[in-house]
Amino acid sequence: MAEYLGQNPDEVRELATLFDTKASDLEGVVSAINSKLNATTWVGNDRNRFQNDTWSTIQNSLNQIAQTLRDAGTTARNNASEQESASA
């Protein structure tokens, strides 16, 4: 049996869509937490430290992961198109 090299472009596009969906989910988490944090009655140094240090670090990490997922989706879509071109 010959070894198969390549991909099923439709499956890879589905994967790309999943990357985009999960990136949006993470962005939704950030938005929901920001909304709740901004609506919370919490003032003082603890709030400032939490918002500026803890939450800021978490938010930046989640946004970076979301962007990485979007980039992976773009790469996957490009790979699927290249596979179709090569197979045509």
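With a Förster radius of 22 Å, plug the Cβ-Cβ distance of residue 18 and residue 62 into 1/(1 + (r/R0)^6) and report the FRET value to the nearest 0.05. Before the final figure, lay out the partial values.
Working: r = 17 Å, r/R0 = 0.79.
About 0.80, to the nearest 0.05.
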message: Taking the 0 to 90 degree range and rounding to the nearest ten, how far is the long axis of helix 9-39 tilted relative to the main principal axis of the chain, both from C-alpha atoms?
response: 0 degrees
task: Starting from the Cα-Cα distance between residue 31 and residue 8, subtract it from 0.36 nm times their residue separation and give me the gain in nm to one decimal.
output: 4.8 nm
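Only Lys, Arg, Asp and Glu count, each charged at its Cβ (+1, +1, -1, -1), so figure out the dipole size of the chain about its Cα centre, rounded to 20 debye. Present the calculation step by step, with values, prior to reporting the outcome.
On the way: 7 positive and 12 negative charges, 119 e Å.
That gives a dipole near 580 debye.
Give, in nm to one decimal, the length gained when the segment between residue 43 and residue 75 is fully stretched (0.36 nm per residue of separation minus the Cα-Cα distance). Walk me through the numbers before you get to the answer.
Working: separation 32, 0.36 × 32 = 11.52 nm, distance 4.40 nm.
Working it through step by step, the gained length comes to 7.1 nm.
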- prompt: Angle, helix 56-87 long axis vs. longest principal axis of the chain, Cα atoms, 0 to 90°, nearest 10?
  reply: 10 degrees
task: Towards the positive end of the charge dipole of the chain, with charges on Cβ (+1 Lys, Arg; -1 Asp, Glu), say which of 17, 72, 55 has the farthest Cα.
output: 55
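What does the highest-first list of 29-35, 42-48 look like by mean Cβ count within 10 Å?
On the way: 29-35: 12.6, 42-48: 9.7.
For the peptides 29-35, 42-48, the packing ranking is 29-35, 42-48.
We did not get these values from a lab; they are worked out from the coordinates using the rules stated. Just so it is clear, the model here is predicted, and its values are computed rather than measured. Virtual Cβ from ideal backbone geometry, glycine too; neighbours counted across all protein chains shown.
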